[in-house]
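The structure under discussion appears below in the form of structure tokens.
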Amino acid sequence: MSIRVELHCHTDASGDSLLSISTLLKTCERKKIDKIAITDHNTIRNALLAYQLAPNRVIIGEEILTRQGELLAFFVTQEIPAGLDAMEAILELRKQGAFISVSHPFDHYRKGYWRETDLIKIADEVDAIEVFNARCIRNQHNHQARTFAENYHLLGTVGSDAHSAVEVGRAYHRMANFDNAEQFRHALLNSETCTRLSSPLVHLFSRFAKWKKTLLIA
């Protein structure tokens, strides 16, 4: 029996999201998302809290901004800070036994996009490439990511990159159930994907979140 797995989601622990843990978990239940990776920017704080509430549903993840671009990691046990060299971050994740993907690598509208020359240097050190990200404004960037993954014989992950409840489940995997990184890798090999691009307007959610949090700090 397959389950639905969402592999890229943010909560209000990210500076550009207002999505609470409780709302996220209720949304997953309503949308029949069986497992979700909470991948906040450079923190696992909310992922840990959510895991305590729903250990069978939550995968502890992190989206890490390195000097070269962003990494997307699952089954993280210790937070990785922003600003490391990509290889240093990868080595730290390997010590934890984490599964490593690369977020929206060719979407140059994002702060964490990758130059292809840098991506080639780490291709042998990561497990996967995010081959579809629902927040990409140009689907061409997803096609480029899929081509790169195929050329370098890497697995592909898809995700909604949700920063709001409405985005959850825009892109997910149908796959066998799993409990750890190794089982996840095996299940991913035989997974099917369901993908839909989000409206470009969803980026307004992130802008509003940043604006609101700036006002609260002030």
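The values are calculated or read from the model by the stated rules, or taken from the named source; none is laboratory data. Predicted model only: the values in this text are computed from it and were never measured. Ideal geometry is used to build each Cβ from the backbone, glycine not excepted, and the neighbour counts take in all protein chains shown. Note: areas computed on protein heavy atoms with side chains; ligands, DNA, RNA excluded. Shrake-Rupley method; radii C 1.70, N 1.55, O 1.52, S 1.80 Å.
Specify which of the listed residues (Ala86, Ala123, Ala47, Ala82) is farther than 19 Å from Gly159 by Cβ, modelled with pLDDT of 95 or more and touching a strand residue (DSSP E or B) at 6+ places or on another chain (Cβ under 6 Å). When all the criteria are applied, what remains is Ala82. In segment 41-85, the residue that is most open to solvent (accessible area, probe 1.4 Å) out of those that are of a type in the set (S, T, N, Q) and assigned to a helix (DSSP H, G or I) is Gln52.
Scanning segment 26-40 for residues that are open to solvent by 30 Å² or more (accessible area, probe 1.4 Å) and either acidic (Asp, Glu) or under 23 Å from Thr77 (Cβ atoms) (or both) turns up Glu29, Asp34. Ala187 satisfies every condition listed in (1) touching a His at 6+ places or on another chain (Cβ under 9 Å); (2) more than 20 Å from Val102 (Cβ to Cβ); (3) of a type in the set (Gly, Ala, Ser) except (2). Residue under question is Leu7, and the condition is that it be touching a strand residue (DSSP E or B) at 6+ places or on another chain (Cβ under 8 Å), buried (at least 23 other Cβ atoms within 10 Å of the Cβ) and more than 27 Å from Arg94 (Cβ to Cβ); does it hold? For Leu7, the condition - touching a strand residue (DSSP E or B) at 6+ places or on another chain (Cβ under 8 Å), buried (at least 23 other Cβ atoms within 10 Å of the Cβ) and more than 27 Å from Arg94 (Cβ to Cβ) - is not met.
Among the residues of segment 96-108, those that are open to solvent by 10 Å² or more (accessible area, probe 1.4 Å) and more than 25 Å from Asn139 (Cβ to Cβ) comprise Gln96, Gly97. If you filter segment 189-207 down to residues that are assigned to a helix (DSSP H, G or I) and open to solvent by 100 Å² or more (accessible area, probe 1.4 Å), you find that the one that is modelled with the lowest pLDDT is Arg207.
With over 18 Å from the mean Cα position of the chain (by Cα), charged (D, E, K, R) and either part of a helix (DSSP H, G or I) or surrounded by fewer than 18 Cβ atoms within 10 Å (Cβ to Cβ) (or both) as the only criterion, which of Lys111, Lys213 stands out? Write out each step before concluding.
Numbers: Lys111 fails: over 18 Å from the mean Cα position of the chain (by Cα).
Within the list Lys111, Lys213, the selection yields Lys213.
Restrict the check to segment 161-169 and report whether at least one residue is hydrophobic (A, V, I, L, M, F, W, C), over 16 Å from Lys31 (Cα atoms) and part of a loop (DSSP other than H, G, I, E, B). No, there is no match, as no residue in segment 161-169 is hydrophobic (A, V, I, L, M, F, W, C), over 16 Å from Lys31 (Cα atoms) and part of a loop (DSSP other than H, G, I, E, B).
Return yes or no: is Ala13 within 15 Å of the chain's Cα centre (by Cα) and surrounded by 23 or more Cβ atoms within 10 Å (Cβ to Cβ)? No, not satisfied. Listed by first and then second residue, the pairs with beta-carbon distance under 9 Å, at least 6 apart or on different chains, first residue in segment 145-158 and closer than 19 Å to Gly61 by Cα and open to solvent by 10 Å² or more (accessible area, probe 1.4 Å), second among the acidic types (Asp, Glu) and at pLDDT 95 or above, are Leu155/Asp127; Gly156/Glu130; Gly156/Glu150. Enumerate the pairs (first residue in segment 24-45 and closer than 18 Å to Val5 by Cβ; second residue anywhere and modelled with pLDDT under 95 and hydrophobic (A, V, I, L, M, F, W, C)) with beta-carbon separation below 9 Å, excluding pairs fewer than 6 apart on the same chain, so at least 6 apart or on different chains. If the second residue must be modelled with pLDDT under 95 and hydrophobic (A, V, I, L, M, F, W, C), no pairs are left.
Let me confirm something: among Leu18, Leu93, which residue is in contact with a strand residue (DSSP E or B) (Cβ under 9 Å, 6 or more places away or on another chain) and crowded, with 18+ Cβ neighbours inside 10 Å?
On the way: Leu18 fails: in contact with a strand residue (DSSP E or B) (Cβ under 9 Å, 6 or more places away or on another chain).
Of the residues listed, the single one that is in contact with a strand residue (DSSP E or B) (Cβ under 9 Å, 6 or more places away or on another chain) and crowded, with 18+ Cβ neighbours inside 10 Å is Leu93.
Condition first: without any contact (Cβ under 8 Å) to a residue 24 or more places away in the chain and either part of a loop (DSSP other than H, G, I, E, B) or on the phi > 0 side of the Ramachandran plot (or both). Can you find one or more residues in segment 8-20 that meet it?
Just the residues of segment 8-20 that are without any contact (Cβ under 8 Å) to a residue 24 or more places away in the chain, to begin with: 20.
From what is left, the residues that are either part of a loop (DSSP other than H, G, I, E, B) or on the phi > 0 side of the Ramachandran plot (or both) are 20.
Yes, segment 8-20 contains at least one residue that is without any contact (Cβ under 8 Å) to a residue 24 or more places away in the chain and either part of a loop (DSSP other than H, G, I, E, B) or on the phi > 0 side of the Ramachandran plot (or both).
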